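Okay, structure first, notes after.
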Amino acid sequence: MSPEQTLPVPLDGQLRDALRGDATEQPEPVPMSAELLPQIRAEVDAAVAALDDLGRGGRFTVTQPAAPGLDGDPDVPLLVCTPVGAPTSRPTLYFVHGGGFFCNDHRTGLDQMLDTAERLGATLISVGYRLAPEHPYPAQIDDVHAGLLWAVEHADELGIDPARVVVAGPSAGGGLGAALALTLRDKGGPRLLGQLLMCPMLDDRNTSGSLAQMDTTDLWNRSFNGFAWSSLLGGVLGGSDVPQYAAPARAVDLSGLAPAFLDVGSAECLRDEVLDYAARIWQAGGEAELHVWSGGVHAFDLEVPEARISRAAVTARQGWLERLLAADERSDRTGAGS
């Protein structure tokens, strides 16, 4: 049976009920297009969190510095959220937002990350990057890179430990997080402690078996995925010369990267590219923890946060971060005693 003929994976029951309600048939998805983009961006802008809400009733201090862009690019907006009373030399969650490269900003999608930062006593730094198609590659990775360099350079005033920075992001943000890890490995700069890649967009070719299998079921289908990558890459989309810093699945060598956590739903279009990326990290001798959530669609934990599967995914990510930080502390003690 060819990928085009494969039956879709059944959705988790709670996700199905929440996403489809009483409907017995899923409505025909509307193809993503440039004409829809203003409407999508307007809906996102209307839902941007207020700074007071991000402060969580005084439990976080929130500032909005800007980092100089690379090579004369515009300044990069940052959002710095620090738990009140957290110790100095804190770990940092460097968050890269999702949105298919074409929507959202650094003030969206932060609830889970704020929960995690508070739990870990970590600073959350969310980076705003220029959006496609108005700003194609490499604008996005350049902005993400510039924001990290600024944060590390200002570690003392931010109260963070520059050796304990974990990049984190969902969807397009996960892809950019993976691209940042490759960039720092190849071009020099601070080493990441880890990379938390949640349903990451990694491959511009839009041809995997899961994309065909789940096209009519997943919230993020081939139309949206194709539009996103086309917006980012324009005329080089799908070609042999797509850079690995745009589409990390194009990387030939995945050795020497920071430990990675990758998760994905079994019922989502991006499943196969995430599985392949994790496997190639292992084949290169690297560290990766992979979770495939049975019946999960793209970004299910953001769409239906109250579902059992969503709570389990958040718990798994937090557990990995706690183990990563604990292992780093043990390494520091061992090194100090040697």
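The values are calculated or read from the model by the stated rules, or taken from the named source; none is laboratory data. Because the structure is a prediction, the values reported are computed rather than measured. Every residue, glycine among them, receives a Cβ derived from its backbone with ideal geometry; neighbour counts consider all protein chains shown. Surface areas here come from the heavy atoms of the whole protein model, side chains and all, with no ligands, DNA or RNA. Shrake-Rupley method; radii C 1.70, N 1.55, O 1.52, S 1.80 Å.
At 7 Å along the Cα-to-beta-carbon direction for both T216 and S89, put a label point, then send me their distance in nm to one decimal.
5.9
Once you put a point 7 Å from the Cα of D253 and another 7 Å from the Cα of R205, both along the Cβ direction, what distance in nm separates them?
So the label points at D253 and R205 sit 2.1 nm apart.
Starting from the 7 Å offset along Cα-to-Cβ, what nm value, one decimal, do you get for the label separation of R191 and E329?
2.1
In the chain, what percent of the accessible surface is made up of carbon and sulfur (1.4 Å probe, ligands and nucleic acids excluded)?
Numbers: 7430 of 14420 Å².
Using a 1.4 Å probe with all protein chains present, the chain comes out at 52 percent carbon and sulfur.
Can you give the angle from 0 to 90° between the axis of helix 271-283 and the longest principal axis of the chain, with both taken from C-alpha atoms, to the nearest 10?
Roughly 50 degrees between the two axes.
Taking the chain as the reference, fit the longest principal axis to its C-alpha atoms, fit the long axis of helix 172-187 to the helix C-alpha atoms, and give the angle between the two in degrees, 0 to 90, nearest 10.
With rounding to tens, the tilt is 50 degrees.
Principal axes first, then extents: for the Cα atoms of the chain, list largest minus smallest coordinate on each axis, whole Å, largest first.
In descending order, the Cα extents are 59, 45, 40 Å.
Given the protein chains as shown and a 1.4 Å probe, how many square angstrom of V30 are accessible, to the nearest 10?
90
Given the whole protein assembly as supplied and a 1.4 Å probe, what does the accessible area of T61 come to in Å², nearest 10?
Solvent-accessible area, nearest 10 Å²: 80 Å².
Pick out which of M113, M214, M32 has the largest mean-square fluctuation in a Gaussian network model of the chain, springs linking Cα atoms closer than 10 Å.
M32
Amide H of L290: which non-local residues (sequence gap of 5 or more, or other chain) have their own amide H closer than 5 Å, using H built in the peptide plane?
Those qualifying (amide H under 5 Å, at least 5 residues apart or on another chain) are L262.
With charges only on Cβ, +1 for K and R and -1 for D and E, what is the dipole size of the chain about its Cα centre, in debye, rounded to 20?
Numbers: 24 positive and 46 negative charges, 161 e Å.
For this selection, approximately 780 debye.
Would you kindly state the longest site-free stretch of the chain, with sites defined as GluC sites (Glu not before Pro) in a DSSP loop (not H, G, I, E, B) surrounded by at most 12 other Cβ atoms within 10 Å?
135-305
What is the gain in length, in nm to one decimal, between D241 and Q283 on full extension, counting 0.36 nm per residue of separation less the C-alpha to C-alpha distance?
Details: separation 42, 0.36 × 42 = 15.12 nm, distance 2.34 nm.
Residue separation times 0.36 nm, minus the Cα-Cα distance, leaves 12.8 nm.
Need one value: the accessible area of H154 in square angstrom, 1.4 angstrom probe, rounded to the nearest 10.
50
Scan around A86 for amide H atoms under 5 Å from its own, H built in the peptide plane at 1.01 Å from N, and keep only partners 5 or more places away or cross-chain.
Counting only residues 5 or more places away or on other chains, the set is empty.
Hey, in the GNM for the chain with a 10 angstrom Cα cutoff, which one of R90, R59, R317 fluctuates hardest?
Of the options given, R59 has the highest mean-square fluctuation.
Send over a whole-number figure in Å² for the accessible area per residue of the chain, probe 1.4 Å.
43
When Rg is the radius of gyration of the Cα atoms in the stretch 69-206 and Rh is its Kirkwood radius, what does Rg/Rh come to?
Result for the stretch 69-206 is an Rg/Rh of 0.94.
For the stretch 290-297, take each phi angle, set θ = phi - 60°, evaluate the Karplus expression 6.51 cos²θ - 1.76 cosθ + 1.60, and give the result in whole Hz per residue in order, putting x for glycine and proline.
Calculated HN-Hα couplings, in order: 10, 10, 10, 8, 4, x, x, 9 Hz.
For S223 and E322, what is the calculated FRET efficiency with R₀ set at 25 Å and r taken between the beta-carbons, to the nearest 0.05?
It comes to 0.05.
Over all pairs of distinct alpha carbons, what does the Kirkwood formula give as the hydrodynamic radius of the stretch 1-134, in Å?
About 18.0 Å, per the Kirkwood formula over Cα pairs.
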